[in-house]
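Scroll down for the structure; my scribbles are underneath it.
The values are calculated or read from the model by the stated rules, or taken from the named source; none is laboratory data. Remember, it's a predicted structure, so these values are computed and weren't measured experimentally. Backbone-built Cβ (ideal geometry, glycine too); neighbour counts: all protein chains shown. The area values use the complete protein model at the heavy-atom level, side chains included, leaving out ligands, DNA and RNA. Shrake-Rupley method; radii C 1.70, N 1.55, O 1.52, S 1.80 Å.
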Amino acid sequence: GAGVSQSPSNKVTEKGKDVELRCDPISGHTALYWYRQSLGQGLEFLIYFQGNSAPDKSGLPSDRFSAERTGGSVSTLTIQRTQQEDSAVYLCASSETSGLAVETQYFGPGTRLLVL
Amino acid sequence: GDSVTQMEGPVTLSEEAFLTINCTYTATGYPSLFWYVQYPGEGLQLLLKATKADDKGSNKGFEATYRKETTSFHLEKGSVQVSDSAVYFCALKDTGRRALTFGSGTRLQVQP
């Protein structure tokens, strides 16, 4: 079946502009995650959704970052007033929810964001 | 807090050489441990995992054993191929958390 998809694959924006990044998880996966991969910080967790709620937002770096998920499916990560340090690859992952097994997170190809 | 430390790369090997990539971790609970691989131009893929002490994860000739006494999860392969050239990430998921904590990644280059 289809994997996790993300759009756009690349985004170039000017400092101060807002951007929206989209993630389509694997169908039926109730858990969705956003991570950021940057040269200076490696791979960092941003936020986790279970259904439409976000019980763990601890990785969001500032209040310029927000995310939502609707219908238990698509998620949007929004960065307001972008800064150059926001330049990174933003990765989305999804997983099934199991009370017993340690579920595997499946990653999308990422959105490469460049803030000029 | 949780953390994962990997050996720095790049690691450059000749084809058929033995591979070890070291990974150690700190965690507050009883974590599950993972190795993810990122091939050039592709997304992160799960390579193998282990969920409790002394478990051995294996896939595609790669192995890693969960060593609680040394808080380690070193990745090994007996004979690498050019197609194994990629970036390898060690990661953990701690008890009560859903997020993964990743190491910094180790780039492996295998020369023919």
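Okay, here's what the table says:
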| quantity | calculated |
| --- | --- |
| Subset of segment A:99-112 (residues that are within 12 Å of the chain's Cα centre (by Cα) and open to solvent by less than 50 Å² (accessible area, probe 1.4 Å)) | A:Phe107, A:Gly108, A:Gly110, A:Thr111 |
| Pairs where the first residue, in segment A:27-45, is more than 18 Å from A:Ala67 (Cα to Cα) and the second is surrounded by 17 or more Cβ atoms within 10 Å (Cβ to Cβ) and among the aliphatic types (A, V, I, L, M), C-beta under 6 Å, 6+ apart | A:Ser38/A:Ala88 |
| Qualifying positions in segment B:36-65 - under 23 Å from B:Gly1 (Cα atoms), touching a strand residue (DSSP E or B) at 6+ places or on another chain (Cβ under 7 Å) and within 12 Å of chain A (Cβ to nearest Cβ) | B:Tyr36, B:Lys49, B:Ala50, B:Thr51 |
| Some residue of segment B:23-32 being in a strand (DSSP E or B) and either small (Gly, Ala, Ser) or in contact with a Pro (Cβ under 6 Å, 6 or more places away or on another chain) (or both) | yes |
| Sole exception among (1) touching a residue at least 60 places away in the same chain (Cβ under 8 Å); (2) within 14 Å of chain A (Cβ to nearest Cβ); (3) open to solvent by 30 Å² or more (accessible area, probe 1.4 Å) for B:Pro112, by number | (2) |
| Scope segment B:94-106; condition more than 10 Å from every other protein chain (Cβ to nearest Cβ) and crowded, with 16+ Cβ neighbours inside 10 Å; matching residues | B:Asp94, B:Thr106 |
| Residue satisfying condition, being open to solvent by 80 Å² or more (accessible area, probe 1.4 Å), in contact (Cβ under 8 Å) with a residue 40 or more places away in the chain and more than 14 Å from every other protein chain (Cβ to nearest Cβ), within set A:Glu14, A:Glu68, A:Glu96 | A:Glu14 |
| Output for segment A:50-103, where each listed residue is in a loop (DSSP other than H, G, I, E, B) and among the charged types (D, E, K, R) | A:Lys57, A:Asp63, A:Arg64, A:Arg81, A:Glu96, A:Glu103 |
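Conditions tested, residue by residue: (1) more than 14 Å from chain B (Cβ to nearest Cβ); (2) loosely packed, with under 14 Cβ neighbours inside 10 Å; (3) under 24 Å from B:Phe89 (Cβ atoms).
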| position | (1), (2), (3) |
| --- | --- |
| A:Gly40 | no, yes, yes |
| A:Ser53 | no, yes, no |
| A:Gly72 | yes, no, no |
| A:Thr82 | yes, no, no |
| A:Glu85 | yes, yes, yes |
| A:Tyr90 | no, no, yes |
